[in-house]
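These notes are about the structure you will find just below.
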Amino acid sequence: MKIRPLQDRILVQPIREKDIRKGGIIIPDSAQEKPIAGRVKAVGEGKLGDDGKRIKLDVKVGDKVLYSKYGGTEIKIDGDDYLLMREDDVLGIVEK
C-alpha cells in the first residue's frame, strides 16, 4: 500500500530502541517509552500560503527527525508502524 501525505503532513517510521539493554535485561513493550525519533518516508506537497503558492516543507524523504512524544496519528501499513503528522510536530532534523 502507498500513502501520499497531503499538504504539510509527513509519514514517519519510528526508530525503536533495542529491546535488550547492555546488561542483558529485556524490556517488555509495556515498559518502553514511546520513540521520539524516526525516519521520514513520505512528505506532502506543502501548505498553501495566503498568496496561493505552495510553501515547501523543510523535511525531505530520508531525513532522521525528532518529534514530540505524543504528536501524530499512529497507523499500520503492511504490518509496520508509522506516524502521520504535521511538519509542525517535528522538533528538529538530526544531522550526520
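Rounded if a/c is under 1.5, else prolate if a/b is larger than b/c, else oblate: which is the range 29-93, with a ≥ b ≥ c the root eigenvalues of its Cα gyration tensor? Verdict is prolate for the range 29-93. If only the Cβ of Lys and Arg carry +1 and only the Cβ of Asp and Glu carry -1, the dipole of the range 29-93 around its Cα centre is close to 200 debye. Which residue, chosen from G44, T73, I55, occupies the Cα position most advanced towards the positive end of the dipole of the range 29-93, where the dipole is computed from +1 (Lys, Arg) and -1 (Asp, Glu) charges on Cβ about the Cα centre? Value: I55. Each label point was placed 7 Å from the Cα along the Cα-to-Cβ direction; for D51 and I15 their separation is 3.6 nm. A crude spin-label estimate for the pair I93 and I77, with each label 7 Å from Cα along the Cβ direction, gives 2.0 nm. Here the relative contact order of the range 44-96, from alpha carbon pairs under 8 Å that lie six or more residues apart, stands at 32 percent.
No value in this document is a laboratory result; all are computed from the given coordinates. Quick caveat: nothing in here was measured; it's all calculated off a predicted structure. Cβ coordinates were reconstructed from backbone atoms using ideal geometry, including for glycine residues, and neighbour counts include every protein chain displayed.
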